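Where a number appears in this text, it was derived from the coordinates with a stated rule and is not lab data. Owing to the predicted nature of the structure, the values given are computational and were not obtained by experimental measurement. We place every Cβ from the backbone using ideal geometry, glycine too, and count neighbours over all the protein chains shown.
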Amino acid sequence: MDAGNLRRALARRFSREEATGLTLTVGFLACAALVVLFGLLAREIPVSGAGPQDRAVTLWARGLTLPGGAAAGRAITFFGDSRFVYPATGLIALSLALRGRRVSAILFFASVVGGGLLELLLKYVYRRPRPDLLPLLVRVDSFSFPSGHATLACVFFGGLAAVVFHVTRRRDARAGAVAGAALAAGSVGLSRMYLGVHWATDVAAGFLIGLFWVFVCGTLTEVFARRRRSSP
């Protein structure tokens, strides 16, 4: 393909008429990049224990000064707990559906539930023990990699941001949704390291899984919505 044909092909792909194809292309590339990053991360993780960087980040996180100490860490981590995320997801999805936002409700519900199930599956694939570097400040009884709280926080708050992208094109609203989601999910991930129950790589893997599933659900929902609007 010569330069002229390549330019015309790219112009068609990024035109308004090809919006559905563009959405699929961007979504596919984002998901592929996240899968590659997760694979690279998982390949470097030892069967037990952690590398020096993991240990250094864990020690740094425990050294943070939180107002309220361990109680504050437990309060923050609750927003990535299944006991909060799943009931809140059901209520938000129901509220969206009752307001006539059925596609958004499906996007949000599928993002959270699908991401949670994928995380559980991967825990039993990798079966990584919990960190043993510091005393654990909360009780845990499952495997460590990937972090379930980080995954659930990412799909919950990231799913909410995806809903904002779906219902409005206002740049300020979208930017605020992304910033809020990043702050909320990041705080939950940091709290898991502070409490001593996850290595940094566990949290990073949880975020990658969460972002992957949000992109999958967001891309498919946007394509479905575009085709529904264009159908007679």
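Summary of computed values
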read-out: Dipole magnitude of the range 3-230, debye to nearest 20 (Cβ charges: Lys/Arg +1, Asp/Glu -1, about Cα centre); value: 940 debye
read-out: Cα-based shape type of the range 47-138, given that a ≥ b ≥ c are square roots of the gyration tensor eigenvalues and the cut on a/c is 1.5; value: oblate
read-out: Residues Tyr194, Tyr124 arranged by fewest to most Cβ contacts within 10 Å; value: Tyr124, Tyr194
read-out: Sorted largest first, extent of the range 3-230 alpha carbons per principal axis (Å); value: 58, 47, 31
read-out: Only Lys, Arg (+1) and Asp, Glu (-1) charged, at Cβ; the range 126-229 dipole about Cα centre in debye; value: 580 debye
read-out: Estimated FRET transfer efficiency (Val35, Ala75; beta-carbon r; R0 41 Å; 0.05); value: 0.80
read-out: Tensor-based shape of the range 116-223 (alpha-carbon gyration tensor, a/c under 1.5 rounded, otherwise prolate or oblate); value: oblate
read-out: Residue-span extension gain [Leu183 to Arg55] - 0.36 nm each, minus C-alpha spacing; value: 43.7 nm
